[in-house]
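Written below as structure tokens is the structure these notes are about.
Here, each number is a calculation from the coordinates, and none is a lab measurement. As the structure is a computational prediction, the values presented were derived from the model and not from experiment. Neighbour counts are summed over all protein chains in view; Cβ atoms, including those assigned to glycine, are modelled from backbone coordinates with ideal geometry.
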Amino acid sequence: MPKFIDHSPPGQCIFCRLAAGEIPSAKVHEDALTLAFMDIGQANPGHVLVATRRHATTLLDITAEEAGAVMQTARRVALAVRAAFDPPGLTLLQANGSAGDQTVFHFHLHVVPRHDGDGVALSWPRQEPPAALLQDYAARLRAAWPAEAP
Ligand SMILES: [Zn+2]
């Protein structure tokens with residue numbers, strides 16, 4: 001998989017452009033503060049990224065309101081993933097910068113279905129499914145989206 005490293009300035013980074021609708025993505029959910037979309041590198045089918053809509057680089061850069069909103073969205077993504085894919089496990093990951101092998105410097109969480117019960121192994125190297133498959137996954141999650149946060 002080609003390594004794409006995005007050091008674009010705020011507002012020009014790939015997640016900012018995605019949030020602005022300037023580039024396409026398989027969106028699962030969006031609201032005033034957050035955006036959830038399929039990761040093009042599916043560690044396991046149903047792998048979703050949850051990002052702040054506003055550009056912020058690390059956990060130290062997001063507001064308290066964004067922190068709460070990101071976790072609420074991640075939780076609802078998890079509920080939708082369980083309803084749509086029913087994986088035996090699910091992992092929530094956050095990593096920043098090159099130390100976390102991250103290539104986009106915009107705060108985000110990874111919601112990753114696991115297929116090995118309690119283990120944390122992912123199916124690396126990651127799959128790069130076609131855009132149509134990502135759109136199908138996103139549609140399944142939107143259909144399974146909880147009507148309100150329980
Ligand atoms: Zn950004």
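Starting from one equal scatterer on each C-alpha and no solvent at all, send me the Debye-based log10 I(q)/I(0) for the range 14-140 at q = 0.14, 0.22 Å⁻¹, two decimals.
-0.57, -1.46
What are the residues whose amide H is under 5 Å from the amide H of residue 114, where those residues sit 5 or more places off or on another chain and H is modelled from the backbone?
89, 90, 91
Taking 7 Å along the Cα-to-C-beta vector as the label spot, tell me the residue 20-residue 75 distance in nanometres, rounded to one decimal.
My value for the distance between the label points is 3.2 nm.
Of the GluC sites (Glu not before Pro) in the range 8-80, which ones lie in a loop per DSSP and count no more than 11 other C-beta atoms within 10 Å?
22
7 Å from Cα along Cα→Cβ at both residue 136 and residue 12: what's the point-to-point distance in nm?
Rounded to a tenth, the inter-label distance reads 3.8 nm.
Any chance you could run the full-extension gain for residue 65 through residue 32? It's 0.36 nm times the residue separation minus the Cα-Cα distance, nm to one decimal.
Full-extension gain reported as 10.8 nm.
Below 8 Å between Cα atoms, with a sequence gap of 6+, how large is the relative contact order for the range 14-140 in percent?
32 percent
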